[in-house]
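The values are calculated or read from the model by the stated rules, or taken from the named source; none is laboratory data. Small disclaimer: the values here were computed from a predicted structure and weren't measured. Every residue, glycine as well, gets a Cβ built from its backbone with ideal geometry; the counts of neighbours run over all protein chains shown. Quick note on the areas: whole protein, heavy atoms, side chains included, nothing else; ligands and nucleic acids left out. Shrake-Rupley method; radii C 1.70, N 1.55, O 1.52, S 1.80 Å.
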Amino acid sequence: MPGAVIVGTQWGDEGKGRFTDYLAKDASLCVRYQGGHNAGHTLVVDGQVFKLQLVPSGVLYPWVLPVIGNGVVVDPHVLLAELDMLESKGIDSRRIRLSGNAHLIMPYHQELDRLNERYLGNAKLGTTKRGIGPAYADKAMRVGLRVQDLLDPKIFREKLDLVLREKNGVLTKVYNRLPVDADELAANYLALTDRLEPLIDDTVHLVHEALDEDQWVLFEGAQATFLDLDHGTYPFVTSSNPVAGTVCAGAGVGPRDIERIVGVVKAYTTRVGSGPFPAELFEGDPVSDALVDRGGEFGTNTGRRRRTGWLDLVMVKHSLRINTCTEIALTKLDVLSSFDELKVCVAYEGEDGTRYDHVPYHQSVLHKVRPVYETLPGWHVDIERAAVLEDLPSAAMEYVRFIEQFTGVPVTFVGVGPGREQTVVLPRAA
Ligand code: GDP
Ligand code: IMO
Ligand code: MG
């Protein structure tokens, strides 16, 4: 059995966690391959809410091995707190496997993330301030500390001393802050080794063992295509590559190991943080306020009100192409139930009147385009209890079919509420 990837097609918070949880019931491994605790994935099962940042969303099934791959950046304090939270809810979290090659987020990464943002002023990115950018920067600079370094206190200390020479110079001389105390920091991190050691593993080997045995391995994306360091709205992006192709580097598999790629599409658009958003509707606009109210559009992680707009199919189509999605999981269709009519962005218009049927590569153009909409009928009936295709009103199906026709990719699942059971499976699903 090959691998399957769940990937975000917009700006994050599409409901990746929720569909990972749904699909993981048939998997034996569920693997995170990039990002860190900037992610916030919410699962609702039998009314119980689980908010996950680092642990893969397959964790709720006892037969699924949750794996944190080498491509993830890990704050060990956050990981352990999340494991405690899961244990307190009766979930066995000791089976989690953590790649020894994953990089550690250190306190100075978080401090530098906060300072960078402050110094950018109005040009700030609106990061989650979790230290993600500085941790990936150190990985690329080859001065990062990795999970496996915790297993060798001498090496850990040597690497820490080396990197602190530069970090303390920047903190004290550039930002006028106090230096980091190496003794204190080393003691703080190494004190976690006893709890972490049993979790650390060769996760590449685990993934390949499962693939070799024809078991289904599910790779859970965090963030999304338009937050991708290469393919997103740079510089208003995260510091990893959330696209499906990153599974290869972030979990150690090859392209031929992946067969199914599920693009998660929210039925409208949201974004947290700064950056261009062609179809944005602003706070105070009745549609925006209704989407925020009905959709609960506040960040899982930071509590910020999410920016909102109608569904932008120009960006979704681009995303489905970059990720070579085999299917779409459409979420939050229920949130649209209250509208008389729905708009869908099908093209952009540039400042000079040029029509764009694709996402313009040049940011000077993208920042100024305006959405071109098509209008579709609303359905005005609650669909939260829909269980099968026939339960959906015809206007809701029309909305789904419009997405399929526009993108050329089949919708195989529709989310009609946050609960695991609030999933309508369309006939084409495997
Ligand atoms: P992720 O980061 O992509 O996993 O998404 P988040 O969990 O950050 O945000 C999605 C939010 O929408 C969560 O609060 C989910 O419980 C909720 N959600 C997911 N799918 C649906 C759906 O189909 N309908 C509704 N009403 N809520 C949903
Ligand atoms: P999930 O997995 C939505 C956004 C931040 C900011 C930008 C850079 O829940 O979909 P970072 O802290 O990564 O350096 O911030 O990326 N961002 C997300 N937005 N969902 C996420 O994750 C996000 N992770 C990062 O708001 O704009
Ligand atoms: Mg989220």
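Residues of segment 322-376 that are of a type in the set (Ser, Thr, Tyr), more than 24 Å from GLY275 (Cβ to Cβ) and in a helix (DSSP H, G or I): SER337, SER338.
Of all the listed residues (GLY40, GLY71, GLY58, GLY47), the sole one being under 18 Å from VAL217 (Cα atoms) and within 15 Å of ligand 1 (Cβ to nearest atom) is GLY58. A single entry from ASP202, ASP194 fulfils the requirement of being open to solvent by 60 Å² or more (accessible area, probe 1.4 Å) and without any contact (Cβ under 8 Å) to a residue 24 or more places away in the chain: ASP194.
Look through GLU349, GLU374, GLU404, GLU384 and report the one residue that is free of Cβ contacts under 8 Å to residues at least 24 places away in the same chain and not polar (S, T, N, Q). Step by step, each of GLU349, GLU374, GLU404, GLU384 is checked, and only GLU349 is free of Cβ contacts under 8 Å to residues at least 24 places away in the same chain and not polar (S, T, N, Q).
Matching residues to (1) out of contact with any Gly (no Cβ under 8 Å at 6 or more places or on another chain); (2) crowded, with 22+ Cβ neighbours inside 10 Å:
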site: VAL207; (1), (2): no, yes
site: LEU227; (1), (2): no, yes
site: VAL262; (1), (2): yes, yes
site: THR270; (1), (2): no, yes
site: PRO276; (1), (2): yes, no
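Here is a check on your reading of the model: is VAL388 of a type in the set (Val, Ile, Thr), within 30 Å of LYS51 (Cα to Cα) and open to solvent by less than 20 Å² (accessible area, probe 1.4 Å)? Against the criterion (of a type in the set (Val, Ile, Thr), within 30 Å of LYS51 (Cα to Cα) and open to solvent by less than 20 Å² (accessible area, probe 1.4 Å)), VAL388 does not qualify. With respect to the conditions (1) in a helix (DSSP H, G or I); (2) of a type outside the set (Ser, Thr, Tyr); (3) open to solvent by 10 Å² or more (accessible area, probe 1.4 Å), HIS109 falls short on a single one, namely (3).
Please tell me if VAL67 is part of a strand (DSSP E or B) and either small (Gly, Ala, Ser) or away from ligand 2 (no atom under 16 Å from the Cβ) (or both). The answer is yes for VAL67. Filtering segment 83-103 for residues that are open to solvent by 10 Å² or more (accessible area, probe 1.4 Å), closer than 23 Å to GLY419 by Cβ and within 15 Å of ligand 1 (Cβ to nearest atom) leaves an empty set. Within segment 254-268, is there a residue that is in contact (Cβ under 8 Å) with a residue 40 or more places away in the chain and part of a loop (DSSP other than H, G, I, E, B)? Yes: segment 254-268 contains one or more residues that are in contact (Cβ under 8 Å) with a residue 40 or more places away in the chain and part of a loop (DSSP other than H, G, I, E, B). Among the residues of segment 240-247, are any open to solvent by 10 Å² or more (accessible area, probe 1.4 Å), closer than 24 Å to THR20 by Cβ and within 16 Å of ligand 3 (Cβ to nearest atom)? No, that holds for no residue. Residues in segment 286-305 that are assigned to a loop (DSSP other than H, G, I, E, B) and closer than 15 Å to TYR268 by Cα were compared, and the one that is least open to solvent (accessible area, probe 1.4 Å) is GLU297.
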